[in-house]
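The values are calculated or read from the model by the stated rules, or taken from the named source; none is laboratory data. Note that the coordinates shown come from a computational prediction; the quantities given were computed from them, not determined experimentally. When we count neighbours, we look across all protein chains shown, and the Cβ atoms used for this are built from the backbone with ideal geometry, even at glycine.
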Amino acid sequence: MVAKMEWLLLSNIIILIQLGSVIFGTALAAPLLSSLSPTRRKYGFICMAIGSMFSLLATASAGLLVLSFANGFWFLSSVRGWWLLSDQNIHYTPQAETNTHLVTEAVNKAAEVVAEVITETVQTASEVIQPDNRPPDVI
């Protein structure tokens, strides 16, 4: 009975490793890495490294060596990202100033895109409406 319990536990370990990979490598890392806060991004790189190690263990145990190298790459990339973020001299700006700046940038970008679309639409319409582009039966 004891041997069967150990075997049951061992078979569930790979599932726990896969869950750890999904939880740390995706569910926790993605929102933290996309945060504006440098501290949260540092935690995101840590979660990404942990998730990559879980994924490395899972793929290596399944014999998927090429994917294991890819997971090793992501682990090294997350360590590099954490190191670069830690090495920077981070200056904090007030949250209200950051939000105002982001809203202004978003509105400016949206206005540029709308202006480009209107310009292209007008140019296309003027080319189509010209008399020499009409079908022969209309002339």
Out of ALA49, ALA27, ALA58, sole residue that is buried (at least 16 other Cβ atoms within 10 Å of the Cβ) and closer than 23 Å to SER86 by Cα: ALA49
Quick check on LEU33: is it assigned by TED's automatic domain parsing to the domain that holds SER68 and modelled with pLDDT under 85? no
Selection from the range 61-108 of residues that are surrounded by 13 or more Cβ atoms within 10 Å (Cβ to Cβ) and either modelled with pLDDT under 75 or not in a helix (DSSP H, G or I) (or both): LEU64, THR98
